[in-house]
């Protein structure tokens, strides 16, 4: 979805919103399921399966809502919305929440923060891709090559933030 839905800023904004919704709600639902069902009944071995089911249900709900309220956006994102289910970030946030969150509110905040971060990244990449479409990019770098270089430079920029320490 990162490369496919980032061709236009409007479609990237739609996918970012859908992912934000799914990430936030799945993080909260995963926390509740972990705290009140899986741990008390000793079913932690079913964690990944149940989290995937929660994520899939939320994605299907999101697709129904987008199809009903914004049919044009659904046309642009049609194939990418179900791919949110297989996005490792969504499952990763749910799994991290299950292990580390101290409260439901903290779980929601972690999901919201991850969704906002993904949305920011997707919107930045979409804006750069729109800008590249009007530039004179050399022939060997047109298409996927310049997109991968751009994604790599964005990743490099964000990796520099990992060394920052706040006191």
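Residue 114 is checked against (1) buried (at least 16 other Cβ atoms within 10 Å of the Cβ); (2) at pLDDT below 90 and fails just one. What number does that condition carry?
Tallying (1) buried (at least 16 other Cβ atoms within 10 Å of the Cβ); (2) at pLDDT below 90, residue 114 fails exactly one: (2).
Taking region 142-167 on its own, how many of its residues are part of a loop (DSSP other than H, G, I, E, B) and at pLDDT 80 or above?
2
Are there any pairs, at least 6 apart or on different chains, whose C-beta atoms fall under 6 Å, with the first in region 94-116 and in contact (Cβ under 8 Å) with a residue 60 or more places away in the chain and the second assigned to a helix (DSSP H, G or I) and surrounded by fewer than 18 Cβ atoms within 10 Å (Cβ to Cβ), and if so, which?
none
Tell me the residue from 124, 89 that is in contact (Cβ under 8 Å) with a residue 24 or more places away in the chain, surrounded by 14 or more Cβ atoms within 10 Å (Cβ to Cβ) and under 20 Å from residue 28 (Cβ atoms), please.
On the way: 124 fails: under 20 Å from residue 28 (Cβ atoms).
It is 89.
Residue 41 is checked against (1) more than 12 Å from residue 95 (Cα to Cα); (2) part of a helix (DSSP H, G or I) and fails just one. What number does that condition carry?
For residue 41, the exception is condition (2).
For every residue, the table says whether it meets (1) loosely packed, with under 15 Cβ neighbours inside 10 Å; (2) in a helix (DSSP H, G or I); (3) over 12 Å from the mean Cα position of the chain (by Cα).
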| site | (1), (2), (3) |
| --- | --- |
| 21 | no, yes, no |
| 24 | no, yes, no |
| 30 | no, yes, yes |
| 36 | yes, yes, yes |
| 53 | yes, yes, yes |
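The values are calculated or read from the model by the stated rules, or taken from the named source; none is laboratory data. Being a predicted model, the structure only gives us computed values, none of them experimental. Note: ideal-geometry Cβ built from the backbone for every residue, glycine included; neighbour counts use all protein chains shown.
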